[in-house]
Amino acid sequence: MSDKEEELKIKKQQFGHWLFEQDCEFLIGAVKCEQVPDFKLTEIAFAGRSNVGKSSLINALTRRKTVARTSNTPGRTQQLNFFKLASRIILVDLPGYGYAQAPKNLVKQWTRLVFDYLKGRPVLRRVCLLIDARRGLKDNDFEAMEILDEAAVNYQVILTKADKLKKEPLEALVKKIAKQISKHAAAYPDIIITSSHKGIGIEELRTVLASTVMTKEEKEIQ
């Protein structure tokens, strides 16, 4: 890595740290896509199966315990929740899909809401597709990936609850998922390993997400 590349890397890390330390404001919760206005800002969405840890990860990224509501009961997030961070970026907490114990009509409604959003939001820059490290990719995840591929929305696999696995099984899982997503055009090849509880991968994810809104001037090396 050249000196300029190293300096740019450091600038991105610093910007990511700064951005996610700023005020995070709840904007709106929507049960229909047509209820959501155009905020004129880049959106980053967090998608995944119920109880994968979306709200916990958002809270860890922003270093706040109550930005996104968490629950031990899967399926509690039943709407699209939008948060504005430093007037630079919108974070979107999506309803979890695939919760088998909820009424089937409600599951269908949540799933349709998520997939309608993923297919129809022009300002959506990236989707963090959260995967429980203990579970790996499931049928619902592949369905979401196919929709994202079709909509040409960039997405990145974020492993959650990585502290629950030992090193060797975790490394094997990363290799397996990397092979699985290699066939998906809209998927980033880099997989980020996180644990909201232990703080693993939080700074790395901050840097990656902040880079999507970093201006050319902010990236310039003096």
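The values are calculated or read from the model by the stated rules, or taken from the named source; none is laboratory data. Computed from a predicted model, the values in this text were never measured in an experiment. Using ideal geometry, Cβ is built from the backbone for each residue, glycine included, and neighbour counts are taken over all protein chains shown. Note: accessible area is taken over every heavy atom of the protein model, side chains too, but ligands, DNA and RNA are not part of it. Shrake-Rupley method; radii C 1.70, N 1.55, O 1.52, S 1.80 Å.
The set of residues in segment 173-209 that are among the β-branched types (Val, Ile, Thr) and either open to solvent by 20 Å² or more (accessible area, probe 1.4 Å) or at pLDDT below 95 (or both) comprises Val174, Ile191, Ile193, Ile200, Thr207, Val208. Restricted to segment 19-38, and to residues there that are touching a residue at least 24 places away in the same chain (Cβ under 8 Å) and assigned to a helix (DSSP H, G or I), the residue that is nearest to Ala60 (Cα to Cα) is Leu19. Among the helices (runs of 4 or more DSSP H) confined to segment 160-222, the ones with at least 3 residues that are over 18 Å from Leu57 (Cβ atoms) and basic (Lys, Arg) are located at 167-181. Within segment 188-206, one or more residues are under 19 Å from Leu41 (Cα atoms) and out of contact with any strand residue (DSSP E or B) (no Cβ under 7 Å at 6 or more places or on another chain).
When Phe115, Phe142 are checked against the criterion of being surrounded by fewer than 16 Cβ atoms within 10 Å (Cβ to Cβ) and either in a helix (DSSP H, G or I) or in contact (Cβ under 8 Å) with a residue 60 or more places away in the chain (or both), a single residue qualifies: Phe142.
From the list Leu165, Leu130, Leu137, Leu159, exactly one residue is surrounded by 14 or more Cβ atoms within 10 Å (Cβ to Cβ), at pLDDT 95 or above and more than 20 Å from Phe46 (Cβ to Cβ). Which is it?
Being surrounded by 14 or more Cβ atoms within 10 Å (Cβ to Cβ), at pLDDT 95 or above and more than 20 Å from Phe46 (Cβ to Cβ) holds for just one of Leu165, Leu130, Leu137, Leu159, which is Leu165.
Restricting attention to segment 8-30, the residues being under 30 Å from Thr111 (Cα atoms), of a type outside the set (D, E, K, R) and open to solvent by 70 Å² or more (accessible area, probe 1.4 Å) number 1.
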